[in-house]
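Undergrad: Shown below is the structure under consideration.
The values are calculated or read from the model by the stated rules, or taken from the named source; none is laboratory data. Computed from a predicted structure; not experimentally measured. Neighbour counts are summed over all protein chains in view; Cβ atoms, including those assigned to glycine, are modelled from backbone coordinates with ideal geometry. We work out accessible area using only protein heavy atoms, side chains counted, and drop any ligands, DNA or RNA first. Shrake-Rupley method; radii C 1.70, N 1.55, O 1.52, S 1.80 Å.
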Amino acid sequence: MKILSPITAKIVTYELREVGRSRWLLAYAAFFLVVADALLRFGGADKALLSLTSVTLFIVPLVALVFGTVFLDDAREFTELLLAQPVTRRQLYAGLYFGLTLPLAAAFAAGAAIPFAVHGVGDPKLRVSLLVLLAAGGMLTFVFTALAFVVAAFVDDRLRRMGTAVALWLVSAVLYDGLVLVLAMLLADYPIERMMLGLTLGNPVDLARVILLLQFDVSALMGYTGAVFQQFFGGAIGIAIASTALALWVTLPVALGLRAFRKRDF
Amino acid sequence: MITISGLEKRYGAQHVLRGVDLDVRRGSVTAVVGPNGAGKTTLIKSILGLVRPDAGVIRVDDVLVGDDCAYRARIGYMPQIARYPHNLTARELLAMLTDLRQAAPGAGPIRRDETLVELLALAEQLDKPLRTLSGGTRQKVNAVAAFLFTPELLILDEPTAGLDPAASAVLKDRILAERDAGRTVIVTSHFMSELEELATDVVVLLEGTVRYVGSLDELLRRTRKTNLGRAISYLMTEAAA
């Protein structure tokens, strides 16, 4: 399957110009810039990285879902115009997806990385951790913009679309972890490690958290699922498995969104 | 130029197109008329492949719609509502459409016809972000985009809606020029007088079926009416009775 045809590349370049000029995108980059800078000023690079991880796991999915949903609403008539050109739906879908996701991921990466570059990170191990954080935030962007495409494909009403997007964020970034914890407490007397592993695979935010905390090697903050992951797979293999699962979390919604996009009426 | 047979489309419980059969002659200006909700826009969008019909076959120059997108290189389309990306300028938009046509497989050299930019007095507006333009100005950009690549087939959905009289006149003159050049035009409008000026053929859509197809003169003779508006309302009351 050819993902980036010349036509898709054209669409992406113009979408980059469109999205790149959005004030919300600038605000998003500025947000991470200010937060990362403040964290670095008030603590060392290691503490700053940990706190930035929590912020990333919380904010990136929210912005990807909400910005993605608004973007797709705005792009509706424009989509119609582009589909009246000699462009296939697959090409346009890929163009819209990358045109939305790349600038968002870039804004996050730039905002989070620049303060570290300015303040300087001496420890090479911390540099790797920063790179892993940037990669995980990037992956989460790809996952949650894909989910925004799925929401756009299956929810017709504009308001309900936004509601669904926010609910999806609430579940994956806030509620899911709590539910897992409740479940773990209720079933504390049973061997539930495998189930916990399964539950972790079911939430991309948890997967990203596991990857980051295994990388940072801070078991105190790893939470239940992270601890189980480490116990089961050890650091490196755990990271590899969680990364693969996260990649699946990109592929599946993208494929689902594409299927709906090809059948849909404009 | 276009052959449609047995076209069916439902939106949920709404049965919008109920077996539409239609031929659009090459070189005709075909007006699609009918009351609101008769399925005009759905029909047009089906030809463009924007709406996926539930049943039926559409061919544009013997190319089956739905298989391939290359046939759309020969179509210029003016949608009913002109909404564009907020931050792009009109110049960038037109450049983008040009790029897309150039990147299409088998595309020849592309010549742009920008005479409408002058005629619609758009030159000043080309470098402003599209969101800052008024609705009428955006509709003009829409018109420029549709006529930009001298397409063989023009599909115009309410082209003069929102345009001032001067711009409307420019657009109508352009449609007539296209007709004289042998191009095919499909047009919808709520202004019957406008369609009388332009159309060679008329398609009357009522409740998702083709009620009449043929020349304007024949329609007037058959309904014994003096103008298109009265002929249509006659057909509508006849259908209701």
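Undergrad: Treating only the Cβ of Lys, Arg, Asp and Glu as charged (+1, +1, -1, -1), what charge dipole size does the protein assembly as shown show about its Cα centre? Round to the nearest 20 debye.
TA: Taking the Cα centre of the protein assembly as shown as origin, the dipole is about 160 debye.
Undergrad: Using a simple spin-label model with points 7 Å from Cα along the Cα→Cβ vector, what separation in nm is obtained for residue B:230 and residue B:176?
TA: 2.4
Undergrad: On to the next question. Find how much the distance from residue B:221 to residue B:59 grows on full extension, using 0.36 nm per residue of separation minus their present alpha carbon separation; answer in nm with one decimal.
TA: Between residue B:221 and residue B:59, full extension yields an extra 55.2 nm.
Undergrad: Points 7 angstrom from Cα along the Cβ direction at residue B:110 and residue A:117: gap in nanometres?
TA: Using points 7 Å along Cα→Cβ, the separation is 3.5 nm.
Undergrad: Let's see if you can work this out: charge +1 on each Lys and Arg Cβ, -1 on each Asp and Glu Cβ, no other charges. What is the dipole magnitude of chain A about its Cα centre, in debye to the nearest 20?
TA: 680
Undergrad: Nearest 100 Å² is fine: how much accessible area is buried between A and B, summed over both sides, with a 1.4 Å probe?
TA: For chain A against chain B, roughly 3000 Å² becomes buried.
Undergrad: Further question: Once you have a ≥ b ≥ c as the square roots of the Cα gyration tensor eigenvalues for region B:98-241, tell me rounded if a/c is under 1.5, and otherwise prolate or oblate according to whether a/b is larger than b/c.
TA: Prolate, since a/c reaches 1.5 and a/b exceeds b/c.
Undergrad: Also: Normalized C-alpha radius of gyration of region B:27-84, against 2.2 N^0.38 Å?
TA: After normalising by residue count via 2.2 N^0.38 Å, the value is 1.20.
Undergrad: Now for a different question. Give the residue from A:133, B:20, A:182 lying farthest towards the positive end of the charge dipole for the protein assembly as shown; charges sit on Cβ (+1 for Lys and Arg, -1 for Asp and Glu) and the dipole is referred to the Cα centre.
TA: Of the listed residues, the answer is B:20.
Undergrad: With +1 on each Lys and Arg Cβ and -1 on each Asp and Glu Cβ, and nothing else charged, work out how big the dipole of region B:2-240 is about its Cα centre, in Debye to the nearest 20.
TA: In total the dipole reaches around 380 debye.
Undergrad: Run the numbers for residue B:166 and residue B:237: contour at 0.36 nm per residue of separation, minus the present Cα-Cα distance, in nm.
TA: Value of the extension gain: 22.1 nm.
Undergrad: Using only Cα atoms, tell me the angle between helix A:89-119 and the longest principal axis of chain A; keep it within 0 to 90° and round to the nearest 10.
TA: Helix A:89-119 sits at roughly 40 degrees to that axis.
Undergrad: So for chain B, Kirkwood radius off the Cα pairs, Stokes-Einstein at 37 °C and 0.692 mPa s: how many µm² s⁻¹?
TA: The Stokes-Einstein estimate is 176 µm²/s.
Undergrad: Return a whole-number percent for the relative contact order of region B:2-240, with Cα pairs under 8 Å and 6 or more residues apart as the contact set.
TA: Once divided by the residue count of region B:2-240, the mean separation gives 27 percent.
Undergrad: For the residue pair residue A:182 and residue B:8, what label-to-label distance in nm results when each label sits 7 Å from Cα along the Cα-to-beta-carbon direction?
TA: 4.7
Undergrad: Is the shape of the protein assembly as shown rounded, prolate or oblate, going by the alpha carbon gyration tensor and its root eigenvalues a ≥ b ≥ c, with a/c under 1.5 for rounded and a/b larger than b/c for prolate?
TA: It is prolate, given that a/c is not under 1.5 and a/b is the larger ratio.
Undergrad: Oh, and also: Can you give me the accessible area per residue for region A:107-266, using a 1.4 Å probe, in Å²?
TA: Per residue, region A:107-266 has 49 Å² of solvent-accessible surface.
Undergrad: Of all alpha-carbon pairs in chain A, indicate the percentage at a distance above 24 angstrom.
TA: For chain A, the share of Cα pairs beyond 24 Å comes to 51 percent.
Undergrad: How far is the Cα center of region A:64-94 from the Cα center of region A:249-266, in Å?
TA: Rounded to whole Å, the Cα centres lie 12 Å apart.
Undergrad: Right, next: For the pairs B:9/B:225; A:10/B:40; A:263/B:45, flag any whose C-alpha to C-alpha distance is greater than 25 Å.
TA: B:9/B:225; A:10/B:40
Undergrad: Taking the Cβ-Cβ separation of residue A:190 and residue A:55 as r and a Förster radius of 30 Å, what is the calculated FRET efficiency to the nearest 0.05?
TA: It comes out at approximately 0.30.
Undergrad: Leaving ligands and nucleic acids out of the surface, order B:225, B:45 by accessible area at 1.4 Å, largest first.
TA: Listed by decreasing accessible area, they come as B:225, B:45.
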